[in-house]
Every structure is written in C-alpha cells, then in structure tokens.
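Q: Take this structure, written in structure tokens, and hold onto it; I'll ask about it next.
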Amino acid sequence: MFERVTLDRPGDAVNPIDLGLLAECLVFYQTVRLIVDHNTFSFLVNSCGPDQLLDLMSMGSLEIEFVENMTGVASRLMTGQTIYDYVNIGTGSFRYQPVARKVFDKIATGKKANKYFDRFDQLVTRFSYSAEINEAARKDWIDDAYLRQAAQIYLGLKSPHYVPPSNLEFRMRANSQGFSLSTNIDFAAADADYRAINGTSEQHVTPSQLLVSLSDTRRDLTIGSSFGSEFAMGPVSSAIAACKLSDLINKATGGKERISVFQEDVLDDLPNIRDAVNSGTRNFSDIVRLVEKAERFKKWLREQDEDEHLRKAYLREVLHVEWVDTLPTKTLRWLLFTAAGLPLSVLASVGLGAADAFLLDRVIKGWKPNQFIEGPLKDFVRHTTGIITL
C-alpha cells in the first residue's frame, strides 16, 4: 500500500495541477509519478520552484513524465454530417526540450538557466501517446450503454440544471471516414447552463468536449495502469470511468480516499496537507522538508494491509496491542489524540480499566508513526504562526 501513484494533470483550466493533491501524495506515497505536458510543465515549475522539484526528484519521491504530444477529438463536416475521430496532435512546440528551454530562460538567466535546463533534462523522462491508446478509446465510442450512461453523468456534473430527455440518446457509429453521432441532447441549452453557473462566455459543453472527457478517461487509465501504480483522477473522469471500469476505479481512488480519512482521524480540527498547500499557507519548500521527515512513515505505510482501516493499523502500531478493533469509535479517537505516551496513573484516572491502562502503558521504545504525525505533520498543517518548525 502507498508504494506508487500516478497523477495525470489532476486539475482544471485555471490550475492545471492540484498542488495540494500533489503535496499529499508526496508525503504519503513512496514515489509519485506526475504526467505533464507543454502547458502543465510551466505551471509546475513556476508554482513549486525548480530547486524544490529537483530536490524531490533527487530524493526519489517525484518522477516527472513529459508527454510530447496531445490527444483530442477532431471533427469535420462531410456531406452535411459531422464526422468525429480521436487523434494525436504533435508539433515541435509540444516537445520537451524547447518547452523546458523557454521555461528556464524566463525564470533564470545565463549559467543558472543552463544549469536548470541540464539537470531537468537528465531527470525528466519523455513519452508520446500511441495509436494503441487511441484505438482503446475509440472502442468505448461504440458501446451504446456506456456512452448513454456516461453522457448522463457528464451532463449532471457540468450542467446540473439542464434536464436531458428521459429517453436520452447518444450513439456513435463507425464508418470509413471516422464516427458519426446521433443524439437528442440539447447541447446549446446544456452549455448555456454551464456558462451561467461558471460565469464564462466560452462554449464548453459540446459533443466534442463530451467525447474528449470519455476518451481522455480511457487514455489516463491506460497510462496509469501501465506504470504499475495507483492513479488519481479528477471528479468528472472518476465518475465517467465508474460506469464501465469499477474495478480499476476502486484502485484509482482508494489511496486518495484513505489519505483523506486518515488525515481526518489523526489531525482532528487541523487542516489537511492539501488544504494547507492550496490555501497558500505552505509552499513546496515546506513540502520538501516534510517529505524528508516522512521517509520512515512512508515505509510503515507500505507495510500495511490494503484491506485494513489505516486508523486501526496506526493505533495498533503506536500502542502495540491487538485489541484496538474491539474499542468503540469514541475511545479510538480519544486514544489518537491523548492516550499514547501518558503515564499509567493518568490513563487510570480517566476511566480506563487497570488492565487496559497497563497495556496502554506498554509502549515499546523506538520509532512509531505517531512521531511523524504528532511532530512534523502537525507542525506543517498548523497555521497559528507563519513559521514552520520542521
């Protein structure tokens, strides 16, 4: 558990990478593989800082994979009918070296810019989306039941006030030129709802954009699984993938959900890592120091049973007792925040039986995961002062 995770540009048009999610994964997972393209690489370097990224890559905590082409849905009008296809788009401006050269020349000058360029050039790996990935995405287009359900979910998320027809139709048919579409969705009305909600004049909810969401979901699942890792997805992709790929989506979201629940358990009323980073309270210099402190904690996470509740595994390790599963939730939460390390007399005074208090007092000396939680992690997420005490 928590060995590796792949993040494929998990963000939105404004923030193409969710920096808080990236920060959480860096703290909990042994290795984070981040997929970037010509747009998101610039955002990543400018948001996190080149030195911080180099530190994380040198530690083995972060791997950056740069994709040198793009995928998209091409549409063209033929004999009065719109024909669609899922294609790769590649130009020289999408390739890593010209993109990186431009990025580093903007943030540094002379030898320093060259140093950044050379070091990243050695560490950032590159790949391109293949024709096989496109073919897998196209196969989804001819699954009528999947397309209909996915279209309903997409519209519900993007245009919640638009009411689609009860007999919704969204079907693709292959021909020698590509794929034709048959639908009774009023995309103009759905897009108007999206624009009203989001305060934008740009068209967004269209047949092509829906097909892009479907196809990119398949693409990202394929890429994520090929790396032999867990992978995190955004809400639209997760919902669409769940229509057809329930087993894979459990893998895709399980680690992220475990991190969220565990932080809720152990941090009580403090913000979590993701919120601390996305609020601007903490930056990636702070994350580098936290990741350095998290090495033993991440090793402990990897050794845990994937099927066990992480909170109970944490308590068992801290307290070294096997009967924590039998304790009520209220007692478990109290133990998380107050019991570990208290003197036997104090434990007895708060109402625990003598036998239980004695067992709680038998905490074996040496490193335990609560040393990371109660020290560096809580220091990181506290924002009563502007100074981190790692």
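Bear in mind these aren't lab numbers, they're just calculated from the coordinates by the rules spelled out. Since the model is a prediction, treat every value here as computed from it, not as a measurement. When we count neighbours, we look across all protein chains shown, and the Cβ atoms used for this are built from the backbone with ideal geometry, even at glycine.
Q: Using per-residue counts of other Cβ atoms within 10 Å, averaged over each peptide, order 28-39, 182-193 from highest down. Display every interim value, and only then the final one.
A: Values: 28-39: 21.4, 182-193: 15.9.
The peptides rank, most packed first, as 28-39, 182-193.
Q: Separate question: What net charge is computed for the residues neighbouring I83, neighbours being all others with C-beta under 15 Å from the C-beta of I83, Lys and Arg scored +1, Asp and Glu -1? Write down the numbers at each step before the final one.
A: Values: positive: R76, R138, R171, R173; negative: D85.
So the surrounding residues net to +3.
Q: State, to one decimal in nm, how far the label point of E65 lies from the label point of E264, with both points 7 Å from Cα in the Cβ direction.
A: Calculated label separation equals 3.0 nm.
Q: How far apart, in nm, are two points set 7 Å out from the Cα along the Cα-to-Cβ line at Q152 and at K299?
A: 5.1
Q: Once you put a point 7 Å from the Cα of N198 and another 7 Å from the Cα of S58, both along the Cβ direction, what distance in nm separates them?
A: 4.0
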